[in-house]
Structures are given as C-alpha cells and as structure tokens.
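Reviewing the structure listed below.
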Amino acid sequence: MLLKFTFVLIVLKILQNKAEVVDDDENDALEKIDESSFIDFGPLLSKSSAGRIQHECILRSTGSVNNIVNGMYQNLISNECALSSPSIWPADFGPAVFKQTQPLDNFDFIIVGAGSAGSILANRLSERSDWNVLLIEAGGDPPMESQIPYFFSTTWNTSVSYSYFGMKTSKASKGYKHGPYYPTGKILGGTSSVNAMLYVRGTPEDFNQWNLTGWTFDDVLPYFKKSEGNKVFSTSKYHNSNGPLSIENYGYTDAIGSGIFDGIKELGYKKLDDYHQDEHIGFINAQGTLINSERCGTARAFLSSIRDRPNLKVLKYARVTRLIINNSRVVGVKFLIKGRSMQALARKEVILSAGSFESPKILMISGIGRKEDLAPSKIQQVADLPVGYNLQDHLITFQYFNYLKSSAPTDKISKYHNSMSSYLSQRSGIYTGIGCSNVLGFINTNDKKSKIPNIEYIHMCFPKQMIDFKDFIQNLGYNDHVMSQLIKANEIAPLFFALSVLLMPKSRGTIKLRSRSIYDNPIINLNFFDDDDDLATMVKSIREYRKLLNTTSFKKYEITETRVRFPECDAFPFDSDNYWRCYLKYISSAIYHPVGTCKMGKESDPTTVVTPNLKVKGISGLRVIDASIMPTNIRGHTNAPTMMIAEKGADIIKSEYPKN
C-alpha cells in the first residue's frame, strides 16, 4: 500500500495539485481533446462524478507535451508493474492440484517451503531430468514492495510474512508489547524475500567449531561460491562471479555512514573492504543480495530462471499440515489448499525446508519429538528426538541518537515523490539502499587482539518526521511507552539506531507446540540472558560503542542522546553498569537469525535431530535442510549460510542417488 500511495503522490506532484472535476460548462471544450490525452489510472485514483479526473493543463497543450508526459506516466507505471510481474515467477500448480481426486503420487521429492533453502533445492534437484520435484509453499509471489531495497520492512506483519513473537521474560524484552517480533517470509523466497538482503556469511571458525566431517569451512566454502555471482569481489579465492545469486553493493547509504567510518578510524578500528576474506575485526559497507538495485532473493535467483522446467511443480498457497509416516518411513505429506485436505506422496524423500520455527513444528505435529512435549497436544510419539531444543538467535539491544538537528530538512512528501520517480525510471536514489543498515561493525569486547568478533554493530537511519516511521517501529514490536518516546524524538531531528548484536550467545531457548494445529504459532522461548555472561558482554558492547560519541567526526554530525526512559532504570545513575543491566531487561530483542531447533550432529549424540547428511535420525525418507540444523550460530547473518546448506544438501542427495 505504501508503494502505491507514493506512486499516486508522484502523479499528483507532476500535475502540481491542479487536478479538478470538470463542470458542465467546460465539457464542450474538453470533448474536442483527443482521448489519448488522458490516462486511466484505474484503482490508483478515484474518479470524479463525471467518470474521470481532468486537469486544466491539458487545455494549454497542442498535443506534443501531453503525449510526452503521458508517455512518462505510462513508463513509470510499466516499470512499477515489472517489479513483480507474474511472468517472472513459476506458475501455480494449485489449480491443477485442486481438480485431483487422488493423492499426488508422481513425485520423487517433495520440498516443504520455498524459502532460502527450498528454492535452491528445487532448482538443484530438478536439474536431474529423471526426477520429478514438488515444491510446496504456504504463500505466493513476492509483491513489488519486497523487490525495492528500501521497502523491505513494509512486508512485515502483512499477508506475506508469518508473525511470530518470542516470549517476554523477567530478564528480557520487557519493553515490547507481545515480545520480540519475528518477520518470517510466507512467500516464494521465504525470508530471503522480506529481509534486509545483507550478505554476511560468518567466519571460518564458525563452521570449524561444528566439528563435523564434511562441514568444515574448507568443505562449505565451495558451496557458498557455487551460489554466488559477486559483482565486486570476482577475483578473490573467497568469491565467485558466475553463480545465480547476484551480490552487489547497495546504491545508497545515509550520510551518517561517513561519520561512523570516520569515527571508528579515530578509535583505531579498520574499515574493511570485505568481511569474507582474512580479516574479521573492523567496519564494512556490507553487500546485499541485489541485482541492479532490486532484490535478488532465492525466488529471483533460483526459481525465475527455471519457471518453465517441466519436472518441477510449484504449489502455492498450500499449507503442509503433517507428514505421512508408515513404519518409521515418511512417504508423503498432508496439506491444505483452499480449505481442502489433500495428500502428496514421495517416491524417494520429503525434505523440510520450512525454517527454524515451522520445520520443528511440523516434525512435532507428526509425532517426532520428546514425549513430554507432544503429550499436552495428545500427539502419539513416532520418534524420540530433541526437536525444538537448542534454539539460538543473535540477541540485540538498541541505543538511540538524534543527529543533524540544526540542518536536516523535514522528510517532506516531495522527497518521496522524487525518490520514487528516480528509482522507477533510473534505479537511483535513496530507495536503492536500506538507510545506513549496510554499515556494520565487528569487534571483540573481551580481547582486543582477537581476530574473531563477539559483537556486531548494525545501524538504522530515519529522516526527520519520516512518514512511515511509526509503522516501522510498531513492526519492531515495542510497547506504547517506548514508541511514544521514539516518535517524539523523530519529530525533532533525524534518528539513528545503533544495534549491539551478541554473536555467540551462551543462552539456549526452545520451541514448543501451542496445539496440534499447524495454524497456531509455536511457543518461542528465546531464554535471553539465561547465562549471565551474555548480559556482561552486552554491557561491554554498549560501552565500546559509546566511545564514538566523543570522536571529532561524530561531533560534526551533532549527535545527541535520545534516552528511552524506564522508571526502574532511572533509579540508577545514567551510564552506570547497573543502569545498562536494567535497560537491557527492557530493550532486548532478536535480529531474526534463529537456528538450531533441528540440530545437526553425530548420530550417537543425544542432543541432535539430524545427521551430517541431514537425515532425521530413526526416520527414513526424511531430511531437514534449512537454518534449523545449525549446531551453533555464526558470526554473521544466517541467510547466506542457509543457502550454503541447501547447495551442499542437494549435492549430498544427488550422491546418494546416482543416475541409473
């Protein structure tokens, strides 16, 4: 809606707000004007009582200017529609399926979830022309908002995303209305279609510490590279330029980004060219999964190019309700489509790629899990595995700052008009970026000499009186007390949020069933700050970042503190350790990187759910291939490793089923 609203404003701006309903006295003159002078904007503009909107400028043209302006309008509309044209995406197999009266039984593999992992698996497995592959997705095609970098968060809390919430506890997230909000994609491409597109793999140590054969960094690097089509780092041993996943720099970064980079130099930190090479301590301008300043999620990279492949069927708007298990073997899935329950059978395997919340939920609903977790929902146990345990996410907290108070203009509507026009016509301007969120920092608060970070810094920037600011912070999940203070601060001057991200939390959480219904969100207990070391590390991260406030570079940007106050915390001296410990109880959330709920490990390890070949233990015909299998989180962002897991998983499967 925001994109269409903005486009309407562009049109009204170009017409200089002179549109008016033509009265009867002017009808004779207007009827002499060729109808091609007008554009039918359909639902974008409401029609007058006379049936159309006119404007007086048309009377002042002999035709040429009107024709050019009309062509410009049509070009903008065409460019808007092209962002997510149905012709880009695979056709929906649903209408054909709905006519069936028998189970679908001609598929070798069934993949549940067309997200970061599932889209890649569908592509790679259907490369085998002798295999028929069914990809089942609960959502549909990505909307145009998801394709423009700047608008990524406007897809949250809509029909194209699941709305999960983590639990509030006495130790964390007390400043949130329902607990930490999780925007997870219900859409082709999954969360790769609604995230901020940041491409940050982690460090070699992250994969080596898994201590699993076949999953060291040297083992997984070829699979990172297999996907990647990097437009900048094409010659490095760590990158590839020929893969289907386009990686490029963001087209725009807010001015405060320069202040951050100048400030960190004063503190002795490096500006790194690339976090994926040999240095991991410093600040970077991160790259994104982008193609010509449009999103390049896994749907765009891996499904669009094979949308006509005959042995791949994509079933949209279908919700898998459970696995079909016969004698400890998964033979298919039950799913709902348009309210009708149906079945699909797999000759070889079913692959769960539904993510760290949905994959364990489907397993537990199907009877795979701990008996004590299944019993409250009256589910009969099929396999005793620790499904839903070992939940990890990157804990975050926010510090808030105003900047450029004396010189920043109010975020007028005209800025949005001009920016949208620039983006649609030239792929330029502020909409090619994500504010300053691509400015990332990696430090180690415990050991200044360490080459491995334990904290990441992320930034968010908001112009003064930003028109959709309230919507954004509401999507972050804050309660009314926090929201009112931030809205007031944004009315005064531009805001930027500095996020401290705990990269290797020691605390572990759980996923539990709310009921046996697939439509009930699971109970997500992140268990933040269960380990006191996590709290101590976060206090250190706040202190280290605040050193920037005293740098000459930051002072040029008129940085001032925006305190979000809590009576409990105001009892302590501001900036004391006790103050920040209290503050972290309120402003603590997740950065949407959940992993570990179907832990991968050695078959003999009682804490694991899947083996290193991604098979569910004790159950044949079933694998889990998504972020849920990571034993521990990584010092980066989880989208790139999830894609790597899918690439490697596809090769593992192919090796187990050699051709003829």
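The values are calculated or read from the model by the stated rules, or taken from the named source; none is laboratory data. None of the values given here were measured: they were computed from a predicted structure. Virtual Cβ from ideal backbone geometry, glycine too; neighbours counted across all protein chains shown. Ligands, DNA and RNA are stripped out before the accessible areas are found, and what is left, the full protein with its side chains, is counted by its heavy atoms. Shrake-Rupley method; radii C 1.70, N 1.55, O 1.52, S 1.80 Å.
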Solvent-accessible heavy-atom area per residue, rounded to whole Å², over the chain at 1.4 Å: 39
Pairs of alpha carbons in segment 333-399 whose separation is greater than 20 Å (percent): 45
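Please report the equivalent ellipsoid semi-axes of segment 296-370, computed as sqrt(5 x eigenvalue) of the Cα gyration tensor, largest first, in whole Å. Display every interim value, and only then the final one.
On the way: eigenvalues 117, 46, 35 Å².
Semi-axes, largest first: 24, 15, 13 Å.
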Those GluC sites (Glu not before Pro) in segment 259-314 that DSSP places in a loop and that have at most 15 other beta carbons within 10 Å: Glu279
Among Tyr403, Asn454, Tyr423 the positive-end extreme of the charge dipole of segment 403-465 (Cβ point charges): Tyr403
Carbon and sulfur %, accessible surface of the chain computed with the full protein complex present, 1.4 Å: 49
For segment 145-243, the spread of Cα positions along each principal axis, largest first, Å: 46, 35, 20
Percentage relative contact order, segment 555-660, counting C-alpha pairs under 8 Å, at least six apart: 18
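Gly189: net charge of surrounding residues, Cβ under 11 Å, Lys/Arg +1, Asp/Glu -1, itself excluded? Mind showing how you got there, number by number?
Numbers: positive: Lys186, Arg295, Arg300; negative: Glu137, Asp141.
Net charge around Gly189: +1.
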Surrounding net charge for Pro222, when Lys and Arg each add one and Asp and Glu each subtract one, Cβ distance under 12 Å: -1
For segment 344-496, the spread of Cα positions along each principal axis, largest first, Å: 65, 46, 36
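What is the sum of charges around Trp131, taking Lys and Arg as +1, Asp and Glu as -1, for the other residues whose C-beta is under 13 Å from the C-beta of Trp131? The partial results should precede the final answer.
Numbers: positive: Arg124, Arg128, Arg309, Lys313, Arg347, Lys348, Lys654, Lys659; negative: Asp108, Glu127, Asp130, Glu349, Glu656.
Taking every Cβ under 13 Å from that of Trp131, the sum is +3.
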The chain: calculated mean residue ellipticity at 222 nm from DSSP helix runs of at least 4, using -39500 (n - 2.57): -8000 deg cm²/dmol
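Normalised by the empirical 2.2 N^0.38 Å for globular proteins, what value does the Cα Rg of segment 54-149 take?
Working: Rg = 22.0 Å, N = 96, 2.2 N^0.38 = 12.5 Å.
Normalised Cα radius of gyration, segment 54-149: 1.76.
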Using θ = phi - 60° and Karplus 6.51 cos²θ - 1.76 cosθ + 1.60, couplings along segment 161-171 (whole Hz; Gly, Pro as x): 9, 5, 10, 8, 9, x, 6, 7, 9, 6, 9
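Where does segment 65-120 land on the Kirkwood hydrodynamic radius, alpha-carbon pairs, in angstrom?
Averaging 1/r across every pair of different Cα atoms and inverting gives 15.5 Å.
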Candidate values (1) 23.6, 75; (2) 26.2, 88; (3) 31.5, 106, label of the one derived for Rg and Dmax of the Cα atoms in Å: (2)
Check: segment 237-292 dipole with +1 on Lys, Arg Cβ and -1 on Asp, Glu Cβ, in debye: 80
Peptides ranked, highest mean first, by Cβ atoms within 10 Å: ranges 74-87, 442-455, 219-232: 219-232, 442-455, 74-87
³J(HN,Hα) computed for each position of segment 435-446 - Karplus, 6.51 cos²θ - 1.76 cosθ + 1.60, integer Hz, glycine/proline x: x, 10, 6, 7, 8, 10, x, 10, 9, 10, 7, 9
